[in-house]
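The values are calculated or read from the model by the stated rules, or taken from the named source; none is laboratory data. The model shown is predicted, which means the values in this text are computed figures rather than measured ones. Here the Cβ is made from the backbone with ideal geometry for all residues, glycine too, and neighbour counts use every protein chain on show.
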Amino acid sequence: MINRLRIFKYAISPTVQQSRRWLALGLVPLLGMSTVLAQETQSEAAGQRYPMFGIDTAGVFLLRNASTADVGWAFAGFRDALEEIGVDFFVDHYLEMKVGGPLEDNRRETLRRFDKLADFQDSSGIEHIWNLERANWIPREEFEPGVNLFEPRPGIHRFHMPMDIKRAYGAHPKRNFVVFDELEHMQMNNNAFKRPRASGDKPAIADTTDMDLPSAYGAILEELGIMREAHGEAGLTPVVETVWPAMHHIFARAGWVLAPKVLKEGWTPVPVALAMGAAIQYHEATGTKLWITPDLWFCGQYPGHSIDALRSALIFSHWMGVPRVYVENFDHVNVRGVIHQPNKAMGFDYASAEQGPHHPDAAGVYGSLVRYPDPDTFELTGYGEVVRWYSREYRKGHPVPYSWQDAECDIAIVRFPDSVWGQRNSRFFEDSPLGSRAVQSEPEMEAWFDIWHLLSHGVIPREGISFHSDAVKYKQASRFFVPTPATLVFDHRIGDEKPDFDFRGAKVVFVTGIEITEATRELLLQHAQKGNTIISLKHLGPDVDTEREVSSEDLTVYNLGEGSWITVDSFDHDSVRERVSPYLSKQNEMNYRFNGHEVVFRKIDRDQIQAFLNGTPVSEVVAPSRRSMWGPNRRLILKE
């Protein structure tokens, strides 16, 4: 809070019109930014008790459609659909800076767009969060002639908004965040996917091409800190929306808001364990926070998940105790012939288009959550009906008696955040951890795949923790449910950050990856001496001279006080399974704990769950929607 008040004094002076807007909203200009943050903090602690809800507008149908070709809020259908669903905020791709003309013309038009957006926000009360994914797909745009808007310095490629534009955007009291969508993806893969068939070779955060992993970690952390401060000077907080189960701890240490995707190509518990553990570890030091965003894309299919999976993801996100949940996507129409690159996807004739690859639940649906028969009317799709049900009925009728900050666990994982998810087993993505081409995935970096395989009763494959692993891609259809015990992931510095940490009650702590700090090693020793079990790779074992219960070529057990520390060559070991077995979930349950509250998601089938809070059901079982399987030509088809 102190930082927000300190940095807001640098924002541009409000216009008379802006001051009137703030007063109409009951806010004074100086406190505008901090008020929203205070409300969100209150909702996490003991106030609101349910998350704010939003949508993401990636796809910008009304802008790309030749017959409309304008921002969504210019049309009654868009505005009315937001109201019907009941959104508190939207993460937006419609808003664009004017580029390509003289600097003053570009600035004047950009500020005019901000004012038009403010008119809509003032009348609706909806918060706007600007999504800056545009740079992921476009090599160059010029706001200032001769200067690439997407090149903060030579060799780096990401959206780099001029400070006066940041301040102008952030001057409105309901514009407090910007989202860097899949920024970790653009770092790990050197922006190779910013346009079709591009080699890219320009990382998004820092040039780590020739670095070892500790150096790459340091370079990325430093640049993320600079970005956080630069946005802070305009009263804005950067949010990273992550697609990979990777790098959350680096962003958290830099003070960014974490927004991991669920659904998408992820195994549900994995990104949440990473992001929640990272936010817990660094919240006190940096103010990092945790949101969750269910994303309906899956391996090029859209929507690629069932209606039931979306319902499950919303219920799941609700009971994670996060302050904000938002769904991607709002009005995207997935048709053949439209490409992602936004500057080349304009003026499209959707009226004569053929539907693109999709889940069977979306068959014949030319829309996402909504479709527009005409610009002034809308219809909710089956997906939209579920989102409306959650926003308007479920979330406010089910108060959450805890926050994500209260999370506890049975199993903890400690590892260096090297960004390895299984890319060595992928034909499409680079094996360049943290964007370095001097390093490739090694066994100690991939060892934690065996941990997730064990914790999930074999559901998550040993080859990787993303559906982009060749072991499952185009072989297993999407699924929401994955059985796991309450699990949190902390990084190699947990002992430095929290020297008296109890690992949130973990009875078993896995230690893996390339390195841990000495402070973390000492913390682990203390945890073992209190009666818990540490299981680590051999090179991360205890530096002690103590009694050894068992010593063999592939396993050593150190007796430490009331507990033990086991070192192994591989976590795929009978003794490891034996030690962990008492703490595994049932095969039909996904378990979480928050400050003494037990949350269980019980499997109905792979996409549908029933939620229980302290043994009491808090969601109903509904008639199932359709289920999918992979058919010919890498398309999801109806599973009979």
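Among the candidates 572, 502, the residue that is modelled with pLDDT of 95 or more, within 21 Å of residue 252 (Cα to Cα) and of a type outside the set (Val, Ile, Thr) is uniquely 502. Of all positions in region 185-208, none carries a residue that is touching a helix residue (DSSP H, G or I) at 6+ places or on another chain (Cβ under 8 Å), at pLDDT 95 or above, surrounded by 15 or more Cβ atoms within 10 Å (Cβ to Cβ) and farther than 25 Å from residue 288 by Cα.
Going through region 543-563 one residue at a time, which ones are at pLDDT below 85 and among the acidic types (Asp, Glu)?
So in region 543-563, the residues at pLDDT below 85 come out as 544-553.
Selection gives 545, 547, 549, 553.
Tell me, yes or no, whether region 354-365 has at least one residue that is of a type in the set (Val, Ile, Thr) and surrounded by fewer than 22 Cβ atoms within 10 Å (Cβ to Cβ). Within region 354-365 (the criterion being of a type in the set (Val, Ile, Thr) and surrounded by fewer than 22 Cβ atoms within 10 Å (Cβ to Cβ)), the answer is yes, since at least one residue qualifies. Meeting the requirement of 1 or more residues that are of a type in the set (S, T, N, Q), touching a Pro at 6+ places or on another chain (Cβ under 7 Å) and in contact (Cβ under 8 Å) with a residue 12 or more places away in the chain, the strands (runs of 3 or more DSSP E) wholly within region 587-640 are 589-594, 628-630.
Can you tell me which residue within region 69-118, out of those that are small (Gly, Ala, Ser), touching a Leu at 6+ places or on another chain (Cβ under 9 Å) and part of a helix (DSSP H, G or I), is surrounded by the fewest Cβ atoms within 10 Å (Cβ to Cβ)?
Quick first cut of region 69-118, residues small (Gly, Ala, Ser) only: 69, 72, 74, 76-77, 81, 86, 100-101, 118.
Adding the requirement that they be touching a Leu at 6+ places or on another chain (Cβ under 9 Å) leaves 69, 72, 74, 77, 81.
Next, only the ones that are part of a helix (DSSP H, G or I) stay: 72, 74, 77, 81.
Values: 72: 26, 74: 16, 77: 21, 81: 25.
Among residues in region 69-118 that are small (Gly, Ala, Ser), touching a Leu at 6+ places or on another chain (Cβ under 9 Å) and part of a helix (DSSP H, G or I), the one surrounded by the fewest Cβ atoms within 10 Å (Cβ to Cβ) is 74.
Any residue at all in region 439-450 that is farther than 18 Å from residue 572 by Cα, at pLDDT below 95 and assigned to a loop (DSSP other than H, G, I, E, B)? Even if it seems obvious, please write down each step before you answer.
Going through region 439-450, the residues farther than 18 Å from residue 572 by Cα turn out to be 439-441.
Now narrow it down to the ones that are at pLDDT below 95: none.
Looking through region 439-450, none of the residues is farther than 18 Å from residue 572 by Cα, at pLDDT below 95 and assigned to a loop (DSSP other than H, G, I, E, B).
Yes or no, residue by residue, for (1) surrounded by fewer than 22 Cβ atoms within 10 Å (Cβ to Cβ); (2) under 30 Å from residue 359 (Cα atoms); (3) among the hydroxyl-bearing types (Ser, Thr, Tyr):
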{"position": "529", "(1), (2), (3)": "yes, no, no"}
{"position": "536", "(1), (2), (3)": "no, no, yes"}
{"position": "551", "(1), (2), (3)": "yes, no, yes"}
{"position": "559", "(1), (2), (3)": "yes, no, no"}
{"position": "579", "(1), (2), (3)": "yes, no, no"}
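Scoring residue 504 on the criteria (1) out of contact with any His (no Cβ under 9 Å at 6 or more places or on another chain); (2) surrounded by 24 or more Cβ atoms within 10 Å (Cβ to Cβ) leaves a single failure, condition (2). Which residue is nearest to residue 223 (Cα to Cα), if the candidates are limited to region 396-438 and must be over 22 Å from the mean Cα position of the chain (by Cα) and outside any loop (DSSP other than H, G, I, E, B)? My answer is 424.
Go through (1) touching a residue at least 24 places away in the same chain (Cβ under 8 Å); (2) over 15 Å from the mean Cα position of the chain (by Cα) for residue 325 and report which single condition fails. With (1) touching a residue at least 24 places away in the same chain (Cβ under 8 Å); (2) over 15 Å from the mean Cα position of the chain (by Cα) applied to residue 325, the lone miss is (2).
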